[in-house]
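Written below as structure tokens is the structure these notes are about.
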Amino acid sequence: MADTAETTEPGGGPGTFAPRPGAAPLGRMIRAQAALETRLLLRNGEQLLLVIVIPTLLLTLFSSVDIVDTGDGDAVDFLAPGVLALAVLSTAFTGQAIATGFERRYGVLKRLGASPLPRWGLMTAKTCAVLVTEVLQIALLTAVALALGWSPHGNPATVALLLLLGTAAFSGLGLLMAGTLKAEVTLAAANLVFLLLLFGGGVIVPLSKFPGGVEAVLHLLPVAALSDGLRDVLRDGAGVPWSDLGVLAAWAVLGLGAAGRFFRWE
């Protein structure tokens, strides 16, 4: 990340480039790290399976085959918002927790922490990589859902707000797990949570199918709040789902606060 400059010092005539001592501008370092993180994620076959292949297959399969009773209307209108929430979960929580956990185990984070890029800059770059990946996911899943007959409604700004708060909540929880548990434990726990929330977070199976007491608890989960909020807006054309935004904001504050307090770099 060192900078270069044109010089006329002895031994080097006009037009000769030499290293300029010091770090590159902070913004350039963050952009370079974010681009590197994004390329590494998109080149990782396991990550692609998690963030692209599984959500796309679930959306296509359950929209085409009448396996789950999703209530009145087309199944894709119920499933598309839930799968968008699942995509955010897979990238911001599961994928980020596993990748960061193994970076911590192999000493990558320790070495990056000794570079001119500050630690908060590294976290910012990771967050930017997550957001870029989510944009690609949402674009692909939206195209697939539209091809399956999806008819979205609602305000795009409200949808964006839900997705951003969901990303903040899942990122905090993912970094908390990666920064406090061993890499192998993080790998197992993150995948287990993904599977449990896939079927118990209102993504594929409506929460109304669960007993009343269980349903009330499941509504407090971040993925349930995100999928319900997206469903209210995109399927029903509702306004701002304040209760779901409140649940996501609470998880975001708790997750990011705990990650900032307990995350261990080594």
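Candidates Leu173, Leu192, Leu146: the one that is touching a residue at least 24 places away in the same chain (Cβ under 8 Å), in a helix (DSSP H, G or I) and not small (Gly, Ala, Ser) is Leu173. Residue-level check: of (1) in a helix (DSSP H, G or I); (2) touching a residue at least 60 places away in the same chain (Cβ under 8 Å), Pro152 misses just (1). Residue check: is Gly107 touching an Asp or Glu at 6+ places or on another chain (Cβ under 8 Å), closer than 22 Å to Ala183 by Cβ and surrounded by fewer than 22 Cβ atoms within 10 Å (Cβ to Cβ)? Here the answer is yes, as Gly107 does meet what is asked. Of all residues in region 202-252, those satisfying the criterion of being of a type in the set (D, E, K, R) and within 17 Å of Gly73 (Cβ to Cβ) are Lys209, Asp228, Arg231, Asp232, Arg235, Asp236.
Remark: pairs (first residue in region 117-134, within 21 Å of Gly22 (Cα to Cα); second residue of a type in the set (Phe, Trp, Tyr); Cβ separation under 9 Å; 6+ apart in sequence or on different chains) = Arg119/Trp265. If I filter region 61-119 down to residues being among the acidic types (Asp, Glu) and part of a helix (DSSP H, G or I), which single residue comes out as modelled with the lowest pLDDT? Looking at the filtered set, the residue picked out is Glu103. Just one of the numbered conditions (1) of a type in the set (Asp, Glu); (2) within 24 Å of Leu234 (Cβ to Cβ); (3) under 19 Å from the mean Cα position of the chain (by Cα) is not true of Asp66: (3).
Considering (1) of a type in the set (A, V, I, L, M, F, W, C); (2) in contact with a helix residue (DSSP H, G or I) (Cβ under 8 Å, 6 or more places away or on another chain); (3) within 21 Å of Leu234 (Cα to Cα); (4) modelled with pLDDT of 85 or more, the lone condition that Val135 does not fulfil carries the number (2). Selection within region 144-190: residues that are closer than 18 Å to Ile52 by Cα and open to solvent by 60 Å² or more (accessible area, probe 1.4 Å). The member of this set that is nearest to the chain's Cα centre (by Cα) is Leu146.
Residues that are out of contact with any Lys or Arg (no Cβ under 9 Å at 6 or more places or on another chain), of a type in the set (A, V, I, L, M, F, W, C), open to solvent by 20 Å² or more (accessible area, probe 1.4 Å) and part of a loop (DSSP other than H, G, I, E, B) do not occur anywhere in region 247-258. Evaluating Glu215 against the criteria (1) in contact (Cβ under 8 Å) with a residue 60 or more places away in the chain; (2) acidic (Asp, Glu); (3) part of a helix (DSSP H, G or I) leaves one unmet condition, (1). Evaluation of Val205 against the conditions (1) part of a helix (DSSP H, G or I); (2) among the aliphatic types (A, V, I, L, M); (3) open to solvent by 10 Å² or more (accessible area, probe 1.4 Å) shows that the sole unmet condition is (1). The selection criterion, being over 24 Å from Thr133 (Cβ atoms), among the aliphatic types (A, V, I, L, M) and surrounded by fewer than 19 Cβ atoms within 10 Å (Cβ to Cβ), does not hold for Leu195.
The values are calculated or read from the model by the stated rules, or taken from the named source; none is laboratory data. Just so it is clear, the structure is predicted and the values come from calculations on it, not from any experiment. Positions of Cβ are generated from backbone atoms using ideal geometry, with glycine treated the same way; all protein chains shown enter the neighbour counts. Ligands, DNA and RNA are excluded from the accessible area calculation, which covers all protein heavy atoms including side chains. Shrake-Rupley method; radii C 1.70, N 1.55, O 1.52, S 1.80 Å.
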